[in-house]
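See structure below.
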Amino acid sequence: MSSEDMTYEKIWNTLNRVDCNEHTEKKGGLTYLSWAWAWGMLMEHYPMAAFEFSDNESHADGTMTVHCTVTIGKCQRSMWLPVMNYKNAAIINPNARDISDNKMRCLTKTLALMGLGHYIYSGEDTVNAGSTAETAVEFKSSSIQKPIVPMAEPPAQATVKIGGKQGTLEARMAKQKELVASATAESIDGVMDFVFRTIAGFALPPEGAAKKAGDPDTVAGWIDKFTSSNGNKKTLIDLYNAGFKDEVKALNKRLEPLRALSIEEMYQLLNQEEESENA
């Protein structure tokens, strides 16, 4: 792919599909993603990519912020990161090793802006306390409510097909949050089906809606945008942290046929489902 053919959306759609889960490591309750693996993965897809660190930003209190820019063709993203210790506190008068480790953490954070591993960030990332420069990502599993009893009824709207547009998005997301919080091994298939139908039914704007600047041009782009907002990003993180890793992977595979559709084909499918439901 030439640099002229590359767009932010195409890069995002490519890197966002990379499963980083097998390349993370638990340390002290945190999940670490190696910057070396992340860069190697980027090189597999975009060997022309480059990164650059700008001048360190020194502050009056003796702390420092590092800055990184990643360039792929004509597309560019930049990110900053305070030089922090293992307690996630800014270091006063950091030494060369502190600065070096945090620069590589900043690189990984910048790659997340391009789409690589962005979904694993559930909060502020924390610095590695050891000697290896890795990015530590805190999964806030304590925020996940463990089920006390199985759901008394199957997931709501289980009969809804791909359209899934019963009620408002707000109401559906509220129900989805409830289902995810009480998910069990017995109910997880229904929960994942509910999540799938939420994404399929609500990712695209209403047919005929005026196009806005920055709107995706593909179904894949709309799905990625939707799953990164509206509570769906937290949904997937919560399910992953609750032990439903395989189910999250299966959801991504289930969405692949939809991603391959054109926007016109997707609207046609949604309309067919709606007609079928109303028949």
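Before moving on, here are some points about what is shown:
- For the stretch 187-231, filtered to residues that are closer than 20 Å to Thr7 by Cβ and of a type in the set (D, E, K, R), the residue that is surrounded by the most Cβ atoms within 10 Å (Cβ to Cβ) is Asp224.
- Checked against the criterion of being part of a helix (DSSP H, G or I), free of Cβ contacts under 8 Å to residues at least 40 places away in the same chain and not assigned by TED's automatic domain parsing to the domain that holds Cys20, the candidates Asp238, Asp246, Asp224, Asp215 yield just one match: Asp246.
- Yes/no for Gly62 being at pLDDT 90 or above and more than 16 Å from Cys20 (Cβ to Cβ): yes
The values are calculated or read from the model by the stated rules, or taken from the named source; none is laboratory data. What you are looking at is a predicted structure, and each value in this text was computed from that prediction instead of being measured. Don't worry about glycine lacking a Cβ; one is built from the backbone with ideal geometry, like all the others, and counts go over all protein chains shown.
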